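The values are calculated or read from the model by the stated rules, or taken from the named source; none is laboratory data. A quick note: this is a predicted structure, and the numbers were derived from the prediction, not measured. Methodologically, a virtual Cβ is constructed for each residue, glycine included, from the backbone with ideal geometry; neighbour enumeration extends over all protein chains shown. Heavy atoms of the whole protein, side chains included, go into the accessibility calculation; ligands, DNA and RNA do not. Shrake-Rupley method; radii C 1.70, N 1.55, O 1.52, S 1.80 Å.
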Amino acid sequence: MTETAISCRDVSKIFGPDPAGHLARLKADPNTSSVGYVQAVRDVNLDIRRGEMLVVMGLSGSGKSTLVRCLSRLIEITGGSVSIEGQDIASLSETELIDLRRRKMGMVFQSFGLLPHRTVLDNVAFPLEMRGQDRRARYARAREVLDLVGLEGREAYFPRELSGGQQQRVGIARSLAIEPDIWFLDEPFSALDPLIRREMQDEFLRLKGLLNKTIIFITHDFDEALRLADRIAIMKDGRIEQCDTPDQIVLHPATDYVAKFTAEIDRARVVRAGALVHSLIPAPEGEAFASNRTIRDLARCLVAERREVIPVADADGKVIGGMNRQEALDVLLGDEK
Amino acid sequence: MTARAARGIGLAGLLLAIALGLALGKPVLPLGLIRPPEWLVQPFADWINAAFYFLQNDLGLMALTRAFSGVVEWLLDVTANLLYGKSRWPNIGPIPWVVIAATAFMAGYALKGWRLAALSGGTFVWIALMGQWKWAMETLSVIVVATPFSVFLGLALGVLAWRSPRFERILNPILNVAQSLPHFAYMVPVVVFIGVGPKAGAIVTIIFSVPPMIRMTLLGLKKVPEEVIEAGKMAGTTRWQLLSRVRIPTARAEILIGVNQVIMQCLAMVVLASFIGMPGLGQKLLQLLQALKIGLSVEIGVTIVLLAITLDRLSKAWAFRLPEHGEPSAMWLRRNRLLVIWIGLCAVGFMLARFAPYFHEVERNQALSVAGPIDAAMDQLIRLIAPLTAWLRWFLITWVLIPMRDAYLWLPFTAVLTLLAALGWAVGGLRSALICVSYFALIALSGWWDRAMVTVYMVSISVLIAAAIGLPLGIWAARSPARAERTLLICDTAQTFPSFIYLIPVIMLFGVNDVAVVAAVVVFAAVPIVRYTIEGLCNVPSELVEAAEMSGATRRQTLWNVRLPMALPTMLVGANQSVMFSLFMVIIAAFIGTQDLGQEMQRALSSTDVGKGMVLGFAIAFMGLMTDHLITRWSEGRKRALGV
Ligand SMILES: Nc1ncnc2c1ncn2[C@@H]1O[C@H](COP(=O)(O)OP(=O)(O)OP(=O)(O)O)[C@@H](O)[C@H]1O
Ligand SMILES: [Mg+2]
């Protein structure tokens, strides 16, 4: 089942006194002065498969949060269209939109967005309450997810009585409670310590694998992105510079900006053997490397290896081609041509 | 910018010169330029009367107000029965005073702790023991009924204004005028529609206390963080759910501060509503003051002050209380410990009252009184300082008040208008000049010019004296943080008192005359000046002060060159409030006997002349709005110049 969950066509969002007019002016003449306007999202085209985890990265102010708000129609877009499971969300009536959000969507907010007058338990149970669940059921479910994020014993606290990381976990629990099909996570782990952060990442990976969730995940942390992402979208000034799998982004950056953005990361941890395969090279005999392992994983073998060309096999053990040892060592040692 | 500013000042100077010329040339001026000529005066009062007649009779508004006042009256009867045993449905009252005192005690304890508990419990014990129970409950029953109405109305209008910016734009100027209309201006139309008595008192109280609630609701709703709302939306809330479960609860603090303001406004109004036949503490105080029974009126005054402080502290404690988690696993009894204690105390109270009637109701002849000793002490004191007060009175009347009044009355109205134009121009250019002139031109057109000038003279002399006392006091208090805090607390407390209270000591000292009015206004108006002077001085960034000290400035130089200029915008806010307060107070004090708009207002009230009452009310509101405009513009200009 690999149909499209979310699809964006030329999505733009402009903040300012007359956004629509400004967009039209920009269309007519791209050099129009944008004084007084912020083009937070520009001409974004994106298709997100069902069950995919898309990580959005970019500098502060590059429009990540705005893009996610466009996808969930928390803000109205200025131009283009967004469809969710084939339905244009701009055309939904208010009740349909509410229904869609109740049934399908969840979101974790960058600054948590907790309701200050409700206890932790009531905060987590809030979306369930809106879905009309009875008190017993929703409290039971809320307790369950609070345990999951490690906040058992804090049910009766109020948000202002918790630390930043704990508040963030309440926000995570609130969205976990309803297990939405489409999940928007805006820097959901930014305030967590490394240990819990890892646990949470595992939890989301588990849920995604188990229930085929579609997740749009914003982060500033490349390691996190690499652990989680099926694809990474890199944004700059409201545009998506490149949206591709991690190794493609590292090995073949589409623009100088992406190249600079990824310059600091250790390629060996991103690039998998499969990405270095040249199918034209006749595959030699002998023990093959698995294509889904990273070069870092293969480091020992690579160093010990004597062959110039190493066979690479896919998941079923079928050899798909050969990998140049020197090329792999270059990646490992960070030597660029 | 500087060239424009210079030109503005130049024009203002020119206007000032013209004003001076008009004043000095008075002997040769045609009469029409000295007093507003007859043909200029418009019969505003008749127009308003016609409008009201139309509303009242042809539009059937009478029926509507009757229906509304019917509901209010029914509620008043219920509370009257419960609180002081008026024989009305549900006929179970009166609740014994010990029970009410215990309830107040527990409310104080639950909200803030022992000290508030002692204050609120003690207030009710004092009221009962002094034999003022019935009057206090008459007053309280109106507050109990009026507050929910005002809160609900304010909330509803606030939400509407927040939903529709257009409505907000219409509402804003109305609120501005409404908040500058003196208390009495509200009473006249209510008397026409409802008549006099408790019902009218309650309704005028409701109307009077709505505006701050609207403002605070609007403020609170606008301040709700965007992400909280978005979180609500993502949970799939409908609009109504979003409003009732997310926006309003998140704006809780502001809304409860609104409730606090409503309660305080209610108290201020209900005391004054004695002028339209509202029984209770206010009426008692009015009678006693008119009979010059100082000791007894001090007793009532203390009660009103205690009640004001209690209501203010209780509602503020409620507003500022942050949610705190309880023990989740504890049993019901533990969780609801305070509730159980309260029920227990009430039960004990009812038992006590059953067996000892004293605890049910303190009879008049059982009541304590400190009036005798107070009267004696006051006599002593007054005899002691009589020479001083007599001299002060003589000095003020012959050398300050009368000359000043004559000078204001002597000024040709054209000179006053030109002077205001000059002021406006200097502060905010053409627009401000036009605004100032139009406000006062309307007063001239209304035909009440001379009376208005008397009010202006009373207000200006009072504010001047208040500033002369308040500024040094504020500067002195701001010298040490501890002292500043203590003084601010006193100011805050003083501001919760109903304005009526300020009349007691001044009548005591000066008797019934202009000096007493000015003294009352001075005290009332000095409070905001002291308060904002302290706030302004204490909030000057410490780096600035340190920088000045490092460059070798003495304390005095720092004060004059750094701290006062930086504090000026805040101090101007104080001046603004001070003028507003004086206007209100001058009008209230009119019953002591002045010859200004206030006196005419009292006459309009007793002859239920809506047109006249409203015209006078607007005249006063326009003075307030003009000052507000001038000072706000000036303060904004200063702020911009300072870059804060
Ligand atoms: N409501 C708004 N009104 C006006 N401008 C806005 C609004 N919301 C966002 N912007 C602007 O849009 C741009 C993108 O903001 P956005 O919040 O999407 O950035 P971001 O990529 O999420 O940044 P960060 O990593 O700091 O969260 C910024 O320049 C911001 O100033
Ligand atoms: Mg963001």
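If you average the C-alpha positions of segment B:25-53 and of segment B:88-112 separately, how far apart do those two centres end up, in angstrom?
55 Å
Please give the contour-minus-distance gain from B:D46 to B:A390: 0.36 nm per residue of separation, less the Cα-Cα distance, rounded to one decimal in nm.
119.4 nm
Tell me which GluC sites (Glu not before Pro) from segment A:100-189 have a DSSP coil assignment and no more than 16 other beta carbons within 10 Å of their own.
Within segment A:100-189, the qualifying GluC sites (Glu not before Pro) (loop, at most 16 other Cβ atoms within 10 Å) are A:E152.
So, R0 is 51 Å and r is the distance between the beta-carbons of A:R136 and B:R483; what FRET efficiency does that work out to, to 0.05?
Efficiency at R0 = 51 Å is approximately 0.35.
From the residues B:G349, B:G10, A:V303, which one has its Cα farthest along the dipole of the protein assembly as shown in the positive direction, the dipole being from +1 and -1 charges on Cβ of Lys/Arg and Asp/Glu about the Cα centre?
B:G349
Note down the magnitude of the dipole of segment A:92-229 about its Cα centre, charges +1 on Lys and Arg C-beta and -1 on Asp and Glu C-beta and zero elsewhere, to the nearest 20 debye.
The dipole of segment A:92-229 has a size of about 360 debye.
How would you classify segment B:220-283 from its alpha-carbon gyration tensor, with a ≥ b ≥ c the square roots of the eigenvalues: rounded for a/c under 1.5, else prolate if a/b is greater than b/c, otherwise oblate?
Taking the square roots of the gyration eigenvalues as a ≥ b ≥ c, segment B:220-283 is prolate.
For segment B:362-470, just say rounded, prolate or oblate: build the C-alpha gyration tensor, square-root its eigenvalues into a ≥ b ≥ c, call rounded for a/c under 1.5, and beyond that prolate if a/b exceeds b/c, oblate if not.
Note, shape of segment B:362-470 comes out prolate.
If the reach is capped at under 21 angstrom between alpha carbons, list the lysines near A:K260, excluding any in the same chain fewer than eight residues apart.
A:K64, A:K236, A:K337
Which one of B:A590, B:T493, B:L267 has its Cα pushed farthest toward the positive end of the charge dipole of chain B, where Lys and Arg give +1 and Asp and Glu give -1 at the Cβ?
In chain B, that residue is B:T493.
Which value does Rg/Rh take for the protein assembly as shown over its C-alpha atoms, Rh per Kirkwood?
Here Rg/Rh amounts to 1.08.
Could you sort out which of B:K112/B:K233; B:K284/B:K316; A:K104/A:K318 sit more than 32 Å apart by Cα distance in this structure?
B:K112/B:K233; A:K104/A:K318
Looking at the protein assembly as shown, what % of its DSSP beta bridges pair antiparallel, to the nearest 5?
60 percent
Under a 1.4 angstrom probe, counting protein chains only, how are B:K612, A:K27, B:K316 ranked by accessible area, largest first?
A:K27, B:K316, B:K612
Which percent of Cα pairs goes in each bin when the distances of segment B:262-346 are cut into 5 angstrom slices starting at zero?
3, 12, 14, 15, 13, 11, 9, 8, 7, 5, 3, 1, 0
With the radius of gyration and the Kirkwood radius both derived from the Cα set of segment A:110-154, what is their ratio Rg to Rh?
Reported Rg/Rh (Cα atoms, Kirkwood Rh): 0.96.
Using the Cα centre of segment A:92-229 as origin and beta-carbon charges of +1 (Lys, Arg) and -1 (Asp, Glu), tell me which of A:L205, A:G153, A:I172 is placed farthest towards the positive end of the dipole.
My answer, from the dipole projection, is A:G153.
Give me the percent of accessible area attributable to carbon and sulfur for the protein assembly as shown, probe 1.4 angstrom.
Solvent-exposed carbon and sulfur of the protein assembly as shown make up 61 percent of the total.
For segment A:13-126, what is the largest minus smallest coordinate of the Cα atoms on each principal axis, given in angstrom and ordered from greatest to least?
52, 32, 28
What net charge do the residues around B:G536 carry, taking every other residue with its C-beta under 13 Å from that of B:G536, with Lys and Arg at +1 and Asp and Glu at -1?
Neighbourhood net charge equals +3.
Largest first and to the nearest Å, give the Cα extent of chain B along each principal axis.
Taking the Cα atoms of chain B, the three principal extents are 83, 62, 60 Å.
Along its principal axes, what span do the Cα atoms of segment A:92-229 show, with the longest given first and each in whole Å?
40, 38, 25
Cross-link partners among aspartates and glutamates for B:K223, C-alpha distance below 19 Å, same-chain residues fewer than 8 apart left out?
B:E168, B:E254
B:G447: net charge of surrounding residues, Cβ under 13 Å, Lys/Arg +1, Asp/Glu -1, itself excluded?
My count for the surroundings of B:G447 gives -1.
Could you pull out every one of the aspartates and glutamates with an alpha carbon less than 16 Å from that of A:K27, ignoring same-chain neighbours closer than 8 positions?
Within the straight-line cut-off, A:K27 pairs with A:D10, A:D18, A:D43.
Using the eigenvalues of the Cα gyration tensor, what equivalent ellipsoid semi-axes result for segment A:268-333 when each is taken as the square root of five times the eigenvalue, whole Å, largest first?
16, 13, 10
With a point put 7 Å past each Cα toward its Cβ, work out how far B:F152 is from B:N57 in nm, to one decimal.
3.3 nm
Could you pull the Rg and Dmax for segment A:189-231, using just the Cα atoms, both in Å?
10.2, 27
So how far, in whole Å, is the C-alpha centre of segment B:450-529 from the one of segment B:588-644?
Between the Cα centres of segment B:450-529 and segment B:588-644 lies a distance of 17 Å.
Shielding by partners for A:154-160, please: the mean number of other protein chain Cβ atoms within 10 Å of each residue's Cβ.
Average per residue, whole number: 3.
Ratio of segment B:90-227's C-alpha Rg to 2.2 N^0.38 Å, to two decimals?
Normalised by 2.2 N^0.38 Å, the Cα Rg of segment B:90-227 equals 1.32.
Please average, across the residues of A:109-116, the number of beta carbons from any other chain that are within 10 Å of each residue's own beta carbon, and give a whole number.
Per-residue shielding by partner chains comes out at 6.
Could you give the dipole magnitude of the protein assembly as shown about its Cα centre, charging the beta-carbon of Lys and Arg +1 and that of Asp and Glu -1, in debye to the nearest 20?
1960 debye
Taking the full set of protein chains and a 1.4 angstrom probe, give the accessible area of B:M571 in square angstrom, rounded to the nearest 10.
30 Å²
Going through segment B:372-408, which trypsin sites (Lys or Arg not before Pro) have at most 12 other Cβ atoms within 10 Å and a DSSP loop state?
Of the trypsin sites (Lys or Arg not before Pro), not one in the loops of segment B:372-408 has a Cβ with at most 12 other Cβ atoms within 10 Å.
Dipole of segment A:268-333, Cα-centred, from +1 at each Lys and Arg C-beta and -1 at each Asp and Glu C-beta, to the nearest 20 debye?
The calculation lands at about 220 debye.
Does chain A classify as rounded, prolate or oblate by the C-alpha gyration tensor (a ≥ b ≥ c root eigenvalues; a/c under 1.5 gives rounded; else a/b over b/c gives prolate, otherwise oblate)?
oblate
Per DSSP H run of at least 4 residues, take -39500 (n - 2.57); add these up for chain B, divide by its residues and hand me the 222 nm value, nearest 500 deg cm²/dmol.
After summing the helix terms and dividing by residue count, I get -26000 deg cm²/dmol.
Taking a quarter of the surface of the Cα convex hull of segment B:1-150, what do you get in nm²?
20.9 nm²
At a probe radius of 1.4 Å, what is the per-residue accessible area of B:D609, in Å² to the nearest 10?
Accessible area of B:D609: about 50 Å².
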